[in-house]
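Notes follow once the structure below has been shown.
The values are calculated or read from the model by the stated rules, or taken from the named source; none is laboratory data. Model, not experiment: these values are computed from the prediction. For neighbour counting, all protein chains shown are included, and Cβ atoms are generated from backbone atoms with ideal geometry for every residue, glycine included.
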Amino acid sequence: MNEPARAAGPGRRGVLGAATLLLHWVNGAAAVASAIAVGVAGCVLTWEATARYLFKIPSEWQDELSIFLLVGATFLSAAWVQEWRGHVGIQALSAILPPRADRVRRFLSDVVSLVFCTFFSWKSWSLLIEAVHDGQISNSAWGAPLWIPYGCMALGMSLVALQLLLQVLSRESLRRAT
């Protein structure tokens with residue numbers, strides 16, 4: 001896996017360096033919470049299968065709880081993955097392009113990703129506000145509040161957009177060839 005794509009190296013200081021360090025810690029905490037959520041979802045699904053088939057205990061909430069946990073884990077860990085540049089990339093292009101052209105490709109990719117993730121984040125916040133305002137709940141028998149997955153989406157995509165913004169502002173993707 002690549003080294004984290006931090007906006008400021010050990011020698012850089014200032015607002016960008018402080019923001020990068022803060023986001024690094026937030027991303028790390030979100031990644032740990034995501035890992036725990038995946039583990040809990042696995043335990044819930046195991047309990048569901050065991051309870052339903054062995055003990056004949058009906059399940060109404062386990063599927064939805066697992067979905068909420070996995071949605072949260074997916075979105076909350078996305079910025080950590082971006083920090084490590086672990087999202088899907090076209091490695092074949094980096095192998096055939098000259099280093100300078102590859103840096104430009106990565107920079108343009110970061111800018112386009114930033115625009116998309118900013119729009120996605122804005123729409124997620126809109127959904128969250130609407131869900132809270134209207135008291136929206138799921139259509140299941142459990143009736144879980146929809147602000148939970150929308151909140152995870154909004155927070156996670158905001159963190160990804162911030163990570164991309166720091167990478168673009170630092171011109172990280174223009175300096176690094178790998």
How many residues, within segment 119-147, are in contact with a Ser or Thr (Cβ under 9 Å, 6 or more places away or on another chain) and among the hydroxyl-bearing types (Ser, Thr, Tyr)? 2
Can you tell me which residues in segment 49-63 are within 24 Å of CYS152 (Cα to Cα) and either crowded, with 18+ Cβ neighbours inside 10 Å or of a type in the set (A, V, I, L, M, F, W, C) (or both)? TRP61, GLN62
Segment 128-144 - residue that is of a type in the set (A, V, I, L, M) and either exposed (fewer than 13 other Cβ atoms within 10 Å of the Cβ) or under 17 Å from LEU159 (Cβ atoms) (or both) and, of those, modelled with the highest pLDDT: LEU128
Check LEU45 against each of (1) over 27 Å from ILE137 (Cβ atoms); (2) modelled with pLDDT of 90 or more and name the one condition it does not meet. (1)
Out of segment 91-125, which residues are modelled with pLDDT under 95, surrounded by 14 or more Cβ atoms within 10 Å (Cβ to Cβ) and of a type outside the set (A, V, I, L, M)? SER94, ASP102, ARG103, ARG105, ARG106, PHE107, SER109, ASP110, SER113
Do we find that ARG171 is in contact (Cβ under 8 Å) with a residue 60 or more places away in the chain, surrounded by fewer than 20 Cβ atoms within 10 Å (Cβ to Cβ) and among the basic types (Lys, Arg) in this structure? yes
